[in-house]
1. Take the residues of segment 69-90 that are closer than 13 Å to residue 50 by Cβ and either aliphatic (A, V, I, L, M) or touching a residue at least 24 places away in the same chain (Cβ under 8 Å) (or both): which is most open to solvent (accessible area, probe 1.4 Å)?
2. Within segment 90-98, does at least one residue satisfy the condition of being over 30 Å from residue 9 (Cα atoms) and of a type in the set (Gly, Ala, Ser)?
3. Since residue 64 meets every condition but one in (1) among the basic types (Lys, Arg); (2) at pLDDT 95 or above; (3) open to solvent by 90 Å² or more (accessible area, probe 1.4 Å); (4) not in a helix (DSSP H, G or I), which condition does it not meet?
4. Of a type in the set (S, T, N, Q) and under 14 Å from the mean Cα position of the chain (by Cα): which single residue out of 51, 65 fits that description?
5. Can you run down the residue pairs with Cβ atoms below 9 Å, 6 or more apart or on separate chains, where the first is in segment 43-68 and at positive phi and the partner is of a type outside the set (Gly, Ala, Ser) and in a helix (DSSP H, G or I)?
6. Assess whether residue 22 counts as being more than 19 Å from residue 93 (Cα to Cα), open to solvent by 30 Å² or more (accessible area, probe 1.4 Å) and not in a helix (DSSP H, G or I).
7. Being open to solvent by 50 Å² or more (accessible area, probe 1.4 Å), under 24 Å from residue 110 (Cβ atoms), more than 9 Å from the chain's Cα centre (by Cα) and among the aromatic types (Phe, Trp, Tyr) is the filter here, so list the residues in segment 25-48 that pass it.
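The values are calculated or read from the model by the stated rules, or taken from the named source; none is laboratory data. Keep in mind it's a predicted model, so treat the numbers as computed, not measured. Cβ placement follows ideal geometry from the backbone for every residue including glycine, while neighbour counts extend to all protein chains displayed. The accessibility values were calculated without ligands, DNA or RNA, using every heavy atom of the protein model including side chains. Shrake-Rupley method; radii C 1.70, N 1.55, O 1.52, S 1.80 Å.
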Amino acid sequence: MRKKESTDYANEQSLFQLCERNSAISMISGRWKGQIVYYIFQGNDRFHLLQQKLPNISETVLARQLKELEGHAILVKKEIPNTVPTGIKYILTNKGIDLVPILDSLCKWGKLYADGKKILIP
């Protein structure tokens with residue numbers, strides 16, 4: 001999170017007012033956020049399950065990315081009753097579920113060009 005007095009924060013707010021696309025990109029920016037949302041959607045809803053799916057992510061980064069996604073109301077954290085110690089699972093909100101097909105489209109677009117689709121100038 002940025003300090004509200006910073007130039008970066010002011011620039012972000014200005015861009016967000018120009019177009020909601022900038023706000024949306026900011027919410028999902030981060031190396032791991034797209035995969036985290038996708039894996040939670042697939043049922044990997046516990047911290048340790050996400051770590052297994054993303055073996056190269058550190059605990060600190062995973063925790064921070066989850067907290068940021070929660071701050072944007074893309075997911076919520078729920079306690080699992082009758083577990084010792086108290087278990088936590090992550091659940092996508094409707095905002096997070098609506099994001100999944102968008103992430104799928106971005107993945108297909110990225111794969112198309114990674115696989116060598118010719119780039120043309122119209």
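1. Only one residue tops the list, namely 89.
2. No, every residue in segment 90-98 fails to be over 30 Å from residue 9 (Cα atoms) and of a type in the set (Gly, Ala, Ser).
3. Residue 64 satisfies every listed condition except (4).
4. Working: 51 fails: under 14 Å from the mean Cα position of the chain (by Cα).
Checking each option against the conditions leaves just 65.
5. 43/49
6. On the way: more than 19 Å from residue 93 (Cα to Cα): yes; open to solvent by 30 Å² or more (accessible area, probe 1.4 Å): yes; not in a helix (DSSP H, G or I): no.
No.
7. Taking segment 25-48 and keeping what is open to solvent by 50 Å² or more (accessible area, probe 1.4 Å), we get 25, 29, 31-32, 35, 38, 41-42, 46-48.
Those still in the list that are under 24 Å from residue 110 (Cβ atoms) too: 25, 29, 31-32, 35, 38, 41-42.
With the extra rule that they be more than 9 Å from the chain's Cα centre (by Cα), the set shrinks to 25, 41-42.
Once the filter is applied, which keeps residues that are open to solvent by 50 Å² or more (accessible area, probe 1.4 Å), under 24 Å from residue 110 (Cβ atoms), more than 9 Å from the chain's Cα centre (by Cα) and among the aromatic types (Phe, Trp, Tyr), segment 25-48 yields only 41.
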